[in-house]
1. When region 46-63 is examined, which residues are found to be over 12 Å from the mean Cα position of the chain (by Cα) and open to solvent by less than 70 Å² (accessible area, probe 1.4 Å)?
2. May I ask you to list the residues in region 48-64 that are at pLDDT 85 or above and in a helix (DSSP H, G or I)?
3. Which one of Lys82, Lys20, Lys86, Lys24 is open to solvent by 50 Å² or more (accessible area, probe 1.4 Å), at pLDDT below 85 and not in a helix (DSSP H, G or I)?
Amino acid sequence: MTSAAQMMLGVQDQPISYIKDLLKTFTKDRLDYIILILPSVGGLQERAIWAADLVIIPTATEFASLDSLAKTVTTIQTLRIKRTGKGD
């Protein structure tokens with residue numbers, strides 16, 4: 001379903017700030033929380049992470065979940081480097 005949503009939204013052809021900019025059009029005030037359940041890392045997830053000030057990743061203690069967690073953390077680190085120019 002996530003890949004279908006990515007295709008419907010056409011996020012692959014959008015800038016990394018797409019979700020953040022899109023959310024601004026639907027909200028007049030700042031949002032306190034947005035909860036996204038993202039089972040995989042892709043264009044939609046990257047843009048959602050880019051829009052976030054804080055990311056909390058609940059996960060199960062099984063291989064597939066931990067592998068997905070590792071990929072998400074790598075994505076967060078990559079996006080942080082793009083945003084700030086440094087990895088810390």
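The values are calculated or read from the model by the stated rules, or taken from the named source; none is laboratory data. Every value quoted in this text rests on a predicted model; they were computed, and no experiment measured them. Note: accessible area is taken over every heavy atom of the protein model, side chains too, but ligands, DNA and RNA are not part of it. Shrake-Rupley method; radii C 1.70, N 1.55, O 1.52, S 1.80 Å.
1. Scanning region 46-63 gives Thr59, Ala60.
2. Correct list: Phe63, Ala64.
3. From the options Lys82, Lys20, Lys86, Lys24, the qualifying one is Lys86.
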